[in-house]
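One structure is given here, and the rest of the page talks about it.
The values are calculated or read from the model by the stated rules, or taken from the named source; none is laboratory data. Given the structure is predicted, the values throughout are model-derived calculations rather than measurements. With ideal geometry, Cβ positions are generated from the backbone for all residues, glycine too; neighbour counts draw on all protein chains shown.
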Amino acid sequence: MADTAPDRTPRLEPGQLRAIREEARRAFGESARVLLFGSRARGDRRGGDIDLWVETDLPAGAASLAGDRLWAALQRRLGEQRIDIVVHRRGRPLRPVDRAALAEGIELLGRAGDDCGPQEEGA
């Protein structure tokens, strides 16, 4: 299960976290769950791409389009970044990448669309 402990801080700026949350809601709807995983979640390296895992109730075609919309929106808001988005349809079997994201990920957006994980000061 994704770690939401306060001592795990993603290596992203507060504005980047806000943009990811807002654009994920816009692309996937309120039922989406978003985790940050990979080196930005582990904090073990400088740089690195932004790896996002999104769990959705959308059907396959709509989920794929939503992933493309999220990627494009984040490119606009964050500037040119290496961003990988893994989409998992809720209820489908877990793939190895899904298991890795769930094991190491930091939850940014919960199942009900609630913000999870690190928040901006004053938010």
query = Among the residues of the stretch 45-56, is any farther than 24 Å from Arg11 by Cβ, touching a residue at least 12 places away in the same chain (Cβ under 8 Å) and not in a helix (DSSP H, G or I)?
reply = yes
ask   = Of all the residues that make up the stretch 24-44, how many are in contact (Cβ under 8 Å) with a residue 60 or more places away in the chain and aromatic (Phe, Trp, Tyr)?
value = 1
task = Specify which of the listed residues (Thr9, Thr56) is in contact with a His (Cβ under 9 Å, 6 or more places away or on another chain) and of a type outside the set (A, V, I, L, M).
result = Thr56
message = Criterion first (part of a loop (DSSP other than H, G, I, E, B) and modelled with pLDDT of 95 or more) does Leu94 satisfy it?
response = yes
key: Which listed residue is surrounded by 13 or more Cβ atoms within 10 Å (Cβ to Cβ), more than 16 Å from Gly15 (Cα to Cα) and charged (D, E, K, R), from Arg90, Arg82, Arg99, Arg95   = Arg90
key: Failed criterion for Arg40 (all others in (1) within 22 Å of Pro14 (Cα to Cα); (2) surrounded by fewer than 19 Cβ atoms within 10 Å (Cβ to Cβ); (3) basic (Lys, Arg) hold)   = (2)
inquiry  = Restricting to the stretch 58-79, name every residue that is part of a loop (DSSP other than H, G, I, E, B) and surrounded by 15 or more Cβ atoms within 10 Å (Cβ to Cβ).
reply    = Leu58
message = Looking at the stretch 29-36, can you tell me whether even one residue there is among the aliphatic types (A, V, I, L, M) and more than 20 Å from Arg99 (Cα to Cα)?
response = no
